[in-house]
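Before any comments, here is the structure.
The values are calculated or read from the model by the stated rules, or taken from the named source; none is laboratory data. Just so we're clear, the structure is a prediction, and the values are computed from it rather than from any experiment. Positions of Cβ are generated from backbone atoms using ideal geometry, with glycine treated the same way; all protein chains shown enter the neighbour counts.
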Amino acid sequence: MNITLTMRLMCVAGALALSLNSHAESIASSASSAGSASSGSVSDSLSGSSNSSNNNKKVADAEYRIIDIAATPDRDGRARLTMQADDPAQRVVLDLPQTTFERQQLAVGDRMYAHNRVYGIEFGRADNRQPFYLVLADEWYDELSSRALSL
């Protein structure tokens, strides 16, 4: 494993641990949160966002209200959340695994937050500030993806 990949893995693990620990009431609850979080890449999870006409997939740090929930077109097993901040120009379309969606029991009107990190964007429920979905920047996601090992 090259040193760049090792450093990136250590940074992601450390950042996730700090993020989860800062919101946890105990070590047990932070371990539970870490076990239930899931992730995807920007290309895979964000199909539209703030100022989506420029397609730069930037998401502002803000609270968003879920305004629509649907199945992700042409992607079995994924749910599409359309969310809007108080500023109508800030809209995010987030595709996440159906199991993650169901586990969170999300509904139209629920409030979520988005928080940019060096490695991607953290999404969570606004009511408990617990992250449950991480959208990794494509370059991070590619570095962390599984690869077949040949001997």
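Would you point out which residue out of SER45, SER53, SER36 is over 22 Å from ARG117 (Cβ atoms) and either modelled with pLDDT under 65 or acidic (Asp, Glu) (or both)? Before you say what the answer is, go through the steps one by one.
Values: SER45 fails: over 22 Å from ARG117 (Cβ atoms); SER36 fails: over 22 Å from ARG117 (Cβ atoms).
Among SER45, SER53, SER36, only SER53 is over 22 Å from ARG117 (Cβ atoms) and either modelled with pLDDT under 65 or acidic (Asp, Glu) (or both).
Here are some conditions: (1) modelled with pLDDT of 90 or more; (2) exposed (fewer than 15 other Cβ atoms within 10 Å of the Cβ). PRO88 meets all but one. Which one does it not meet?
Tallying (1) modelled with pLDDT of 90 or more; (2) exposed (fewer than 15 other Cβ atoms within 10 Å of the Cβ), PRO88 fails exactly one: (1).
Under 9 Å between Cβ atoms, at least 6 apart or on separate chains: pull out the pairs that start in the range 62-86 with a residue that is in contact (Cβ under 8 Å) with a residue 40 or more places away in the chain and in a strand (DSSP E or B) and end on any residue that is among the β-branched types (Val, Ile, Thr) and surrounded by fewer than 13 Cβ atoms within 10 Å (Cβ to Cβ).
ARG65/VAL108; ILE66/VAL108; ILE67/VAL108; ASP68/VAL108
Within the range 64-85, count every residue that is modelled with pLDDT under 95 and over 15 Å from LEU46 (Cα atoms).
Residues flagged as modelled with pLDDT under 95 and over 15 Å from LEU46 (Cα atoms) within the range 64-85 amount to 3.
This table checks each residue for (1) outside any strand (DSSP E or B); (2) modelled with pLDDT of 95 or more; (3) not acidic (Asp, Glu).
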position: VAL92; (1), (2), (3): no, no, yes
position: ASP95; (1), (2), (3): no, no, no
position: GLY109; (1), (2), (3): yes, yes, yes
position: ALA114; (1), (2), (3): no, no, yes
position: GLU122; (1), (2), (3): no, no, no
position: ASN128; (1), (2), (3): yes, no, yes
position: VAL135; (1), (2), (3): no, no, yes
